[in-house]
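To keep things clear, I will list the structure first and then write my remarks on it.
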Amino acid sequence: MRIRDFLPADLLRGNVVFVTGGGSGINLGIARHFAALGANLAICGRTRETLEAAADELRGLGATVVAEVADVRDYDAVAAVLATSEAQLGPVDVVVCGAAGNFLCPVANLSAKGFKTVIEIDLLGSFNAAKAAFEQLKRTRGSLIFISAGQAFLPFPLQAHAGAAKAGVDNLMRNLALEWGALGIRSNSIAPGPIAETEGMRRLAVGKMRELVVQSIPLARLGTVDDIGEAAVFLASPLASFITGTVLLVDGGQTLHGSGLMTGLMMSPKAG
Ligand code: HXC
C-alpha cells in the first residue's frame, strides 16, 4: 500500500516542506511522502552528492526541489536555505527538524566535545531551523515536526548524549507549541523506534543486536521509513489540525518495556 492509496494525491498540492537532513534515511523518507502528496521540497544536509541524489528522486515524484548544502549547527546557513526556498517555492508550510548525529558511547569514554557535538546537531540544529522559519510559518500558519527518540524519556545506556539532546528537542517542541500556537503554528515530535535501512540502525544495532532488537518490539518487526513518513504527513495535514505539543511514538511499542529492556540488550554479551 502507498500513501496515495489512503490520501488524495493532491492533499498537499503547492505546500512547501523544508526537511533538515533530508538527503537520506528517515528524513528522505519523510520528504518522499510529502512529494507524493503534491508538496514541493527544500532539503539541506552536509554532503552535496547525497542531496543531489535525493533531489533527483523527489523531482521524479513531481516535486519542485531546492537542495542546498548547510550544516544545521550554522544558523546563517540554515536561514540562507530558507531564503532561497522562499524565493523559489514560496513561504514554508512545514518544517521537519530531522538532522541528527549519534553513536554508541559510555559517558566514561565520551569527551566534552563529543557530547557537545550531538547536542549541537540535534538540539541547536532544531532550534536554528524552527527559529529561521518563524516569519514564514507565521504567514502560512504552518507546522513544525521534530524528530525525537525513545531516549528522550527513557535512559538508554551508551546514549546519554543523544538522550539529553532529544529530551531538549521535545521540550523545545512544547515551548514552541505554547508560544506560537496563537499564531496558528503547530509543533509536534515524532519518536521513531528502530527503523530498518537507516544510518541509526547501522550505528546503534550492530551484530546480533539487530536480531535482539527485533525480538524486543511488541509488533515483532523493525519500523520502515514509510512508517515515519506516513506519521509526518498525518501530523502536518489538516487531519491533525487540533494536535500540538505532542510526541507521537512510532516505535512498534518498543518503549513500553521501559529502559530495563535496552539496558539488558546493550549490556548483553550476545549483542557483541
Ligand atoms: C565517541 C565520538 C564518536 C564515537 C565521534 N565522537 N564519534 N566519541 N564515540 N563513536 C566524538 C569525536 O571524538 C569528537 O570529540 C567529537 O565527537 C566530534 O567528532 P567529529 O567527527 O569531529 O564531528 P562531526 O564531523 O561533526 O561528526 C558528527 C558525528 C558524526 C555525530 C560525530 O558521527 C556524524 O556526522 N554523524 C551524522 C550521521 C549520523 O550520526 N547519523 C545517525 C543518526 S541516528 P573529540 O573530543 O575526540 O575531538 C540518530 C538516531 C537517533 O540520530 C536515535 C537516538 C537519539
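Numerical summary
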{"item": "Point-charge dipole on Cβ atoms (K/R +1, D/E -1) for the stretch 100-247, about Cα centre, debye to 20", "result": "220 debye"}
{"item": "Note, ³J(HN,Hα) from phi for the stretch 47-53, Karplus 6.51, -1.76, 1.60, rounded to Hz, x at Gly and Pro", "result": "10, 4, 4, 4, 5, 5, 5"}
{"item": "Test item: Cα-centred dipole of the chain, Lys/Arg +1 and Asp/Glu -1 on Cβ, debye", "result": "460 debye"}
{"item": "For the stretch 182-262, with +1 on Lys and Arg beta carbons and -1 on Asp and Glu, the positive-most of Ala205, Leu249, Ile190 along the dipole", "result": "Ala205"}
{"item": "Net +/- balance of residues flanking Gly163 in space, Cβ distance below 13 Å, scoring K and R +1, D and E -1", "result": "-1"}
{"item": "Positive-end extreme of charge dipole, the stretch 1-117 - chosen from Gly60, Ile30, Ala108 (charges on Cβ)", "result": "Ala108"}
{"item": "Cα centroid separation - the stretch 20-52 against the stretch 208-264, whole Å", "result": "20 Å"}
{"item": "Long-range amide H partners of Val66 with built H, under 5 Å", "result": "Leu41, Ala42, Ile43"}
{"item": "Prolate/oblate/rounded label for the stretch 222-266 (Cα gyration tensor, a/c 1.5)", "result": "oblate"}
{"item": "Mean residue ellipticity (222 nm) of the chain, computed from DSSP H runs ≥ 4 via -39,500 (n - 2.57), nearest 500", "result": "-14000 deg cm²/dmol"}
{"item": "Gyration tensor (alpha-carbon) shape descriptor, the chain, a/c threshold 1.5", "result": "prolate"}
{"item": "Relative contact order, percent, the stretch 91-135 [alpha-carbon distance under 8 Å, six or more residues apart]", "result": "59 percent"}
{"item": "3J(HN,Hα) from dihedral phi, the stretch 239-255, Karplus parametrisation 6.51/-1.76/1.60, rounded to Hz, x for glycine, proline", "result": "4, 10, 5, 10, 10, 8, x, 10, 10, 8, 6, 10, 9, x, x, 4, 6"}
{"item": "Computed over the chain: relative contact order in percent, which uses C-alpha pairs under 8 Å that are six or more apart", "result": "18 percent"}
{"item": "Burial order of peptide ranges 213-221, 32-40, 155-163 (average beta-carbon count within 10 Å, highest first)", "result": "32-40, 155-163, 213-221"}
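Rule-based calculations on the coordinates, nothing more; no lab input. Everything numeric in this text was worked out from a predicted model, so none of it was measured. Cβ atoms come from the backbone with ideal geometry, glycine included; neighbour counts cover every protein chain shown.
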